[in-house]
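So the structure is just underneath, and the comments pick up after that.
The values are calculated or read from the model by the stated rules, or taken from the named source; none is laboratory data. Everything numeric in this text was worked out from a predicted model, so none of it was measured. Here the Cβ positions follow ideal geometry from the backbone for every residue, glycine too, while neighbour counts run over all protein chains shown.
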Amino acid sequence: MTQPTGKYQTIDAYIAQFPAAVRTRLEAMRTTIHAAAPDAEECISYAMPAFRQHGILVYFAAQKDGVGFYPTSSGIAAFEQELSGYQHTKGAVRFPHSQPLPVDLITRIVTFRVNEDHSKAKAKTKRKS
């Protein structure tokens, strides 16, 4: 699969550039993230779909053989053992197209990031007081 090129203003525009099978997986990822972070706002950051509240929660992107999920290094570290079956780095994990998306795991990682985001925002507010 060739990566589309160009600047995208919305997640819809990003997803629309891919073949149907990839679009379906990207939409499933988007829906899963929305369900776990209903107050998060969609955005494009670093040319990838992302969700933010006080700061960026997670990113995701189409890759040649899977969907990349970028929950920051803290999101990977907190679920290191559960992610051991997937190719991953300090800040990213790849969910292969040949396997179902691990919706429960993605949900728990996003929930972790939402809680972390709230805690950081609360601590920042306290420092300003």
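The table below gives the values:
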read-out: Single residue of the stretch 3-48 satisfying the filter (among the small types (Gly, Ala, Ser) and either exposed (fewer than 13 other Cβ atoms within 10 Å of the Cβ) or without any contact (Cβ under 8 Å) to a residue 40 or more places away in the chain (or both)) that is nearest to His118 (Cα to Cα); value: Ser45
read-out: Failed item in (1) surrounded by 15 or more Cβ atoms within 10 Å (Cβ to Cβ); (2) among the polar types (S, T, N, Q); (3) closer than 25 Å to Ser98 by Cβ, with Thr72 passing the rest; value: (3)
read-out: Residue in the stretch 89-97 that is out of contact with any strand residue (DSSP E or B) (no Cβ under 8 Å at 6 or more places or on another chain) and either at pLDDT 95 or above or part of a helix (DSSP H, G or I) (or both) present; value: yes
read-out: Every pair of residues 6+ apart whose Cβ atoms lie under 9 Å, when the first sits in the stretch 93-111 and is farther than 11 Å from Phe79 by Cβ and among the small types (Gly, Ala, Ser) while the second is at pLDDT below 95 and part of a loop (DSSP other than H, G, I, E, B); value: Ser98/Asp65
read-out: Considering residues of the stretch 76-115 that are among the β-branched types (Val, Ile, Thr) and surrounded by fewer than 17 Cβ atoms within 10 Å (Cβ to Cβ) only, the residue nearest to Val22 (Cα to Cα); value: Val103
read-out: Qualifying residue in the stretch 101-109 (condition: part of a loop (DSSP other than H, G, I, E, B) and modelled with pLDDT under 95); value: no
read-out: Looking only at the stretch 7-39, and only at residues there that are of a type in the set (Phe, Trp, Tyr) and at pLDDT 95 or above, the one that is farthest from Pro71 (Cα to Cα); value: Phe18
